[in-house]
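J.: One structure coming up, written as structure tokens, with questions to follow.
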Amino acid sequence: MNTAMKNPKSIIENFEIYAPKLVSKEEFFVGGHRACQGCGEALAIRLMCKALGKDTVITNATGCMEVISSLYPTTAWKLPWIHVAFPNSAAVGSGVEAGLTALRRKGKVADRRIKSVAIGGDGGTMDIGFQALSGAMERGHDMLYVCFDNEAYMNTGIQRSSGTPFLAATTTAPAGKKIPGNQVWKKNLAEIMVAHNLPYVATATPSYPIDFMNKVKKARQVKGPSYIHCFVACPTGWRSTSETCIKMGRLALETGIFPLYEVEDGKYRLTVEVPEKRRPVQDYLKGQGRFRHLTPDQIRVIQERVDIEWEALMIKVKHSKSRESLRAPRGV
Ligand SMILES: Cc1ncc(C[n+]2csc(CCOP(=O)(O)OP(=O)(O)O)c2C)c(N)n1
């Protein structure tokens, strides 16, 4: 174990020495794009691209990240990048992988590993692109899918998606006299991906950048399908101030609303520890206008749900076992 590992405080004190070693200076998603101030999604894409490196093909579903990054005649992408329709990022990503495999077999592309990475927002992934995602993962393509979950259809005006949290106000589930915001619980897509028996599934957020980048690097190495669910703050849609983008991800972790974990062949592991006494969900909710209308009783209902989900996750962390030996054999 090196000195820095033995004494994490020394990393913080000597940040300028360690930071360049931790994070590559090479940029593949560059400045000049049109993301809103404090956009968590643009930051996450930048970090993801650094972790992926140059031998990568990105397939991007329609959504904020496509709109802000590719206004004609400019582009923020320094990687091969394909903009596809709203529902089919995973399908095109799987085609990229199959195409590269075929070309490699014929000796028409360099014999090195080029990773196909498909990305989409929560609307493009959890709702309209879900069938394509499920199919691509189930077929076992050697590809990574990253969902950037800002918890609504932000690009088209903050409509609710199946990623929107319970009782959050959106333009299609406004908090008013009849309903107090979105009426259903958020879909847990990471769990649904685990149920696809993937070799690697993880949750992440740019608020913990090294954790996120390590997960992207790990997923890149996986030979087979992998999925990362990346939680990204959206000040515009969440009605929060732009400088709170990083803070929101940290509060989501510290309250247990968005735990950071990875699942390797079915074995769960928390990757960022949460204090034994988690912060109350109120600490996370209060900085966001989309939850401004909540009553103490409604906040209590959310707290109870988070507690139940947390306990269920802890059971999995404690008792799940690796199923690596049960991976479906390919080509049999
Ligand atoms: C089939 C289809 N339906 C609707 C649209 C309109 N549309 C474009 S982007 C978008 C919202 C994207 O939301 P999300 O996937 O959550 O990504 P975000 O913009 O929040 O990053 C919608 C509804 C479309 N382009 N195609």
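The values are calculated or read from the model by the stated rules, or taken from the named source; none is laboratory data. The structure displayed is predicted, hence computed values, not measured ones. Positions of Cβ are generated from backbone atoms using ideal geometry, with glycine treated the same way; all protein chains shown enter the neighbour counts.
J.: Take residues that are within 15 Å of Ala169 (Cα to Cα) and in contact with a strand residue (DSSP E or B) (Cβ under 6 Å, 6 or more places away or on another chain) and tell me which of the helices (runs of 4 or more DSSP H) falling wholly in region 232-303 contain 1 or more.
T.: So the answer is none; nothing clears 1.
J.: Got at least one residue in region 189-201 being within 16 Å of the ligand (Cβ to nearest atom) and among the hydroxyl-bearing types (Ser, Thr, Tyr)?
T.: no
J.: So, in region 108-125, of the ones that are surrounded by fewer than 24 Cβ atoms within 10 Å (Cβ to Cβ) and touching a residue at least 40 places away in the same chain (Cβ under 8 Å), which residue ends up farthest from Thr164 (Cα to Cα)? If you could, list the steps in order and put the result at the bottom.
T.: Restricting attention to region 108-125, the residues satisfying the condition of being surrounded by fewer than 24 Cβ atoms within 10 Å (Cβ to Cβ) are 108-115.
Cutting the leftovers down to touching a residue at least 40 places away in the same chain (Cβ under 8 Å) gives us 112-115.
Numbers: Arg112: 40, Arg113: 36, Ile114: 34, Lys115: 30 Å.
Restricting to residues being surrounded by fewer than 24 Cβ atoms within 10 Å (Cβ to Cβ) and touching a residue at least 40 places away in the same chain (Cβ under 8 Å), the top hit is Arg112.
J.: In this structure, does Arg112 turn out to be away from the ligand (no atom under 11 Å from the Cβ), in a loop (DSSP other than H, G, I, E, B) and modelled with pLDDT under 95?
T.: For Arg112, the condition - away from the ligand (no atom under 11 Å from the Cβ), in a loop (DSSP other than H, G, I, E, B) and modelled with pLDDT under 95 - is met.
J.: Here's a check for you: in region 311-332, which residue that is in contact (Cβ under 8 Å) with a residue 12 or more places away in the chain and either closer than 24 Å to Ala152 by Cβ or touching a strand residue (DSSP E or B) at 6+ places or on another chain (Cβ under 9 Å) (or both) is surrounded by the fewest Cβ atoms within 10 Å (Cβ to Cβ)?
T.: Only one residue tops the list, namely Lys321.
J.: Take the residues in region 152-183 that are surrounded by fewer than 16 Cβ atoms within 10 Å (Cβ to Cβ) and of a type in the set (Ser, Thr, Tyr), then tell me which one is nearest to the ligand (Cβ to nearest atom).
T.: Selected residue: Thr156.
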